[in-house]
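Notes for the one structure printed next.
Nothing in this text is a laboratory measurement; each read-out follows from the coordinates by a stated rule. Computed from a predicted structure; not experimentally measured. Cβ sites come from the backbone with ideal geometry, for glycine too, and all protein chains shown count toward neighbours.
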């Protein structure tokens, strides 16, 4: 992989993705056996928004590779509270660390930050923009469960603001995949993502109801519909209720459909599905460690390549 | 009415810029791009909705004592893709340019996405890629197709 930074999934070629996944498979076999890869390397965690899985799995990944992390901590406890710009923050942090993982509420934050630093920077979520390292672990999970070619996937929920959805959709254009997007009209894919998918010649369909496509799906990727996207509670309940799944929902699906979710889940996947072999979301979250190990390994190994 | 009649209505200039074949109704936006609001003392002539053989109707802007910069031409190309720009020196057309859209425009538009990092007080100029039928923020990727002039940073 020849990148300085990982900012969006759009920059990833099929070869890039396969390189990360191959390395991730090596690491997944015995994550504790690779502490000699990057001894002493420091990853800076700059999370301007809350995170559990992404932050902890980056931290685990850095430590499994023999490195360590420095953590900016919560925004309330940092210089950001004093009005420091993101540009200044990352320029300072660059001097402390060998790589930066950045989460920020503004779209395009990672791209802007990358223009101010030379160490590899990973976009760990920029508002409703992108989340490419999540996409790599999603792809790893899909590869393990259904394979990445000749695949039919349904992505359901908040497609407008869901950054994991945007990144996944871009990345899947590298493979032979039929992509179905299921959402209420008000939360369909944003114009910019639809534009890119069209430009990439992707095989894409949009739907308002899951029933129409459920029997075809090899993977059903569910995302959370957030309350704050709706003007009132009643409207939210009405819409969100149509995009929840239960064990009964899966009766109409293929027996081996893989149910994925980037988590956190609220109530869009009934907990009764957790015990079915179709539930892959906890494995998916666990895959964050070997995949982020692979990503960091390749970025630190290549450091200084062309984006 | 002919183009000749138009020339009679809008007087010749000695040194400056004539922007012709501007889409009808866009002349005031052209002045906005140039930062001309009358307070600078330039002599400005504007023809709006004048009949044109090739365009049906068009606008014309003539500015005395002012030549357009590359950046100004870039934005002009977005709102008036058919415009021609004539640089006039001593009453003669010294240069005639058919403008072409650039690949990117920097610092001239604001991003309409309020969640874009370029609207967060960071020390960074806006940058838009020019796509087939609009522009696209290089940071948050928002596509703007309609009413681009509403987002002029000038």
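Where in segment A:139-158 does the label zone of residue A:242 land, with the point 7 angstrom along Cα→C-beta and an amide N cut-off under 12 Å?
Within reach of a label on residue A:242: A:157.
I need the shape label for segment B:3-98. Rule: rounded when a/c is under 1.5, else prolate if a/b > b/c, else oblate, with a, b, c from the alpha carbon gyration tensor.
Details: a/c = 1.32, a/b = 1.10, b/c = 1.20.
Because its axes are fairly even, with a/c under 1.5, segment B:3-98 counts as rounded.
Order of A:264-271, A:14-21, B:138-145 by packing, highest average Cβ count within 10 Å first?
Numbers: A:264-271: 13.9, A:14-21: 18.4, B:138-145: 21.1.
In descending order of packing, they fall as B:138-145, A:14-21, A:264-271.
Using 20 Å as the cut-off for backbone N distance, which residues of segment B:67-93 belong to the label zone defined by a point 7 Å from the Cα of residue B:53 along Cα→Cβ?
Counting backbone N atoms under 20 Å from the label point, the list is B:82-86, B:93.
What is segment A:54-151's relative contact order, in percent, from Cα pairs under 8 angstrom and six or more apart in sequence?
The value is 19 percent.
Evaluate the distance, in nm, between pseudo-label points positioned 7 Å from the Cα of residue A:251 and of residue A:274 along their respective Cα→Cβ axes.
2.4 nm
On full extension of the chain, what length is gained from residue A:198 through residue A:88, given 0.36 nm per residue of separation minus the C-alpha to C-alpha distance?
35.9 nm
Tell me the angle of helix B:70-79 to the major Cα principal axis of chain B, expressed in degrees between 0 and 90 and rounded to the nearest ten.
Approximately 90 degrees, to the nearest ten.
Taking beta carbons within 10 Å but only from partner chains, what does the mean come to for residues A:123-132?
2
Can you give the average number of partner chain beta-carbon atoms within 10 Å of each beta-carbon in peptide B:117-127, as a whole number? Could the numbers behind the result be given before it?
Numbers: counts 15, 4, 3, 9, 3, 10, 6, 9, 0, 0, 4.
Per-residue shielding by partner chains comes out at 6.
If the chain between residue A:33 and residue A:149 were fully stretched, how many nm would it gain, using 0.36 nm times the residue separation less the Cα-Cα distance?
38.7 nm
Does anyone have the angle between helix A:288-302 and the longest principal axis of chain A? Alpha-carbon axes, 0 to 90°, nearest 10?
Tilt of helix A:288-302: around 40 degrees.
Between B:122, B:95, B:72, find the one with the highest GNM mean-square fluctuation for chain B; connect C-alpha pairs within less than 10 Å.
Top of the fluctuation ranking is B:122.
Using a 10 Å cut-off on Cβ to Cβ distances, tally the other chain neighbours for every residue of A:189-199 and report the average as a whole number.
Values: counts 0, 4, 6, 7, 1, 1, 6, 3, 0, 0, 2.
Mean inter-chain Cβ contacts per residue within 10 Å come to 3.
Identify the residues of segment A:161-177 with backbone N under 11 Å of a label point that sits 7 angstrom from the Cα of residue A:14 along the Cα-to-Cβ direction, or state none.
Those under the cut-off are A:173-177.
Return the distance in nm (one decimal) between the two label points of a simple spin-label model at residue B:93 and residue A:25, each offset 7 Å from Cα along Cα→Cβ.
6.6 nm
For the ranges A:55-63, A:72-80, what's the packing order if you count other beta-carbon atoms within 10 Å of each residue, average per peptide, and put the highest first?
In descending order of packing, they fall as A:55-63, A:72-80.
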